[in-house]
Structures are given as structure tokens and as C-alpha cells.
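Accompanying notes for the structure given below.
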Amino acid sequence: MKKILSLNNINKQFQRGTDTIRVLRGLSFDINAGEFVTIMGSSGSGKTTLLNSLGCLDKPTEGNYYLDDINVGQLDRDELAKLRNLKIGFVFQAYNLLPRTSALENVELPLFYNPSISSSERRDRAVAALKAVNLSERMHHMPNELSGGQQQRVAIARALVNEPVIILADEATGNLDTRTSYEIMALMQELNKEKGKTIVFVTHEPDIAAFSSRTIILKDGQVVKDNYNQHLRSARQMLEELPIADDY
């Protein structure tokens, strides 16, 4: 099976005055195409620093990082920006949508940086991405006309539109209630199983991690557990089992 992501002895440290702060300490793991992996850890465990490294937003101090067979450490700033745009889809906790721009235009945005794509193809791909997240009927709505879950679906469509090799999600259910969180995780499971998307999902919630096939747990910048989930839960089934809220 093809490796989409490979880390070998990744270290990251920062200088704070005369002190050296070691955040990542010798991380090594691979993620194969089609895996759905959650990364967990308490505050200060190194999750955010790791995600920034995986997303090519920051470079490790030491070690080798390969993304889709590309040695990330050998790329300059422009090459990193191109790699991020073509290979990685980002989904954030705060959605990061442009407020005065429709859902469709928000999804189109990453394609503006790809000169090989025409305006008509850009529109077609954005429409297809919104259909993939079951939001085609809301594509002309502004973010303030959408619920939190719908805004996150727009963000996921935006992450899909460039057909990346990996989706990186940072606490993507952190601002959502339980029902909406399960809806988003059901969508993630469908994208993983039916579309074969490779997903890395950072979370601090064990119930959310239970929807992934593999969980990596960090502590003090090191991998302390890397387990395949033997009891994978269906977010769609959990959603159906939730009680219906009464309307008043």
C-alpha cells in the first residue's frame, strides 16, 4: 500500500531566551493511502506543532518528512506553498470562511492559485465538492446564513476541491454540539470509505477518535500509543441513536 505520509525521527525545538524548548521528540510513523487516523494528546503534548509540520506550515528542526514521496525538508518557501495548495486539504475548528463570500465562492478559493484550471472548471469542481458534502442546495448562501455544521461542511468541501492526497483536520468538531459533531464525523467516514480519502484528524475527544480506524496518542512530544481501532464505531449509527430534541 502506498505511503502518503512518512515521518522519521522528527524533532522540533524553539529558543525562548537562553532556554531550548523541545516540543517534538523523535516522532516516527507512516500513514498509508486511505487511512483515517486521529491524533490525540493533552494540551502541550505537541499536537498543534505536529499538525503544522504535517501541513508544511512549519519545518522540523531535525528529521525527515515525506509527503506523497516528496522530501518536504528540501523545499523552499514557494515550493512549500505550492505543495500545500496541491497536496493538502485543511479543515479548521473555526471554519475560516470569508464572511462576505458565498459558500460556492469560498470553495472555489484554493483553485484561484492553480493557473491550469479555467474559471468554468473551477466552478464545476466547487459545485461537485459541495454536492459531495450534501450542501448543493445552500451553495449561494453566505456563511452567516448557514449553521455551524453547514459552515464546517463548506470548509470540508473547500478542502476537497483541489483533490488533495490528504485532509488535515484540526479539532474540526470542537465548536459543534454532539449531533452536529456526529454528522461531520459521518461525512468524514463516508469520504474515507466511499471516496478513499486519507484523513488525519486532530482531536482531544475520545468519542470522536472512536470513529477513526487508527489513533496516535502524543505525550510530551512523543508517540506513546499507536493503535488500530478494533471496535470502529459508525458515526451514522450513533447519530441515528441520539434522542430527538424537543422544540419549544
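Each reported figure results from applying straightforward, stated rules to the coordinates on display, with no laboratory input. What you are looking at is a predicted structure, and each value in this text was computed from that prediction instead of being measured. Here Cβ is always computed from backbone atoms with ideal geometry, including for glycine, and neighbour counts include all displayed protein chains.
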So for the stretch 136-248, what percent of the C-alpha to C-alpha distances run longer than 23 Å? 34 percent
Which percentage, to the nearest 5, of the DSSP beta bridges contained in the chain is antiparallel? 60 percent
Once you sort the root eigenvalues of the Cα gyration tensor of the stretch 1-133 as a ≥ b ≥ c, which label holds: rounded (a/c under 1.5), prolate (a/b larger than b/c) or oblate (the other case)? prolate
Taking a cut-off of 29 Å between Cα atoms, list the lysines near LYS59, but don't count ones fewer than 8 places away on the same chain. LYS2, LYS3, LYS12, LYS47, LYS82, LYS87, LYS197, LYS219, LYS225
Within 10 Å, count the other beta carbons around each residue, average over each peptide in 150-162, 62-74, 208-220, 97-109, and list them highest first. 150-162, 208-220, 97-109, 62-74
Packing-based exposure ordering (other Cβ within 10 Å, fewest first) of HIS231, HIS204: HIS231, HIS204
Express in whole angstrom the spacing between the alpha-carbon centres of the stretch 4-27 and the stretch 136-208. 29 Å
Expected sort for 176-182, 139-145, 36-42 on mean C-beta neighbours within 10 Å, highest first, is 36-42, 176-182, 139-145
Out of every Cα-Cα pair in the chain, what percent are more than 22 Å apart? 55 percent
Which value at 222 nm does the chain reach when only helices count, each DSSP H run of 4 or more adding -39,500 (n - 2.57), with the total divided by all residues and rounded to the nearest 500 deg cm²/dmol? -9500 deg cm²/dmol
Descending packing, highest mean Cβ count within 10 Å first, for 77-85, 25-33, 50-58 is 50-58, 25-33, 77-85
Cβ-defined net charge surrounding LYS12, 14 Å radius [Lys, Arg +1; Asp, Glu -1]: +2
The answer for ASN229, listing residues at least 5 apart or on another chain whose modeled amide H is closer than 5 Å to its amide H, is ARG214, THR215
Looking at the calculated P(r) for the stretch 79-176, what percent of the C-alpha pair distances fall above 23 Å? 18 percent
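Compute the signed sum of charges (Lys and Arg +1, Asp and Glu -1) over the other residues within less than 13 Å, Cβ to Cβ, of ARG77.
Summing Lys and Arg as +1 and Asp and Glu as -1 gives -1.
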Top of ASP19, ASP124, ASP207 by mean-square fluctuation, Gaussian network on the chain, Cα under 10 Å: ASP19
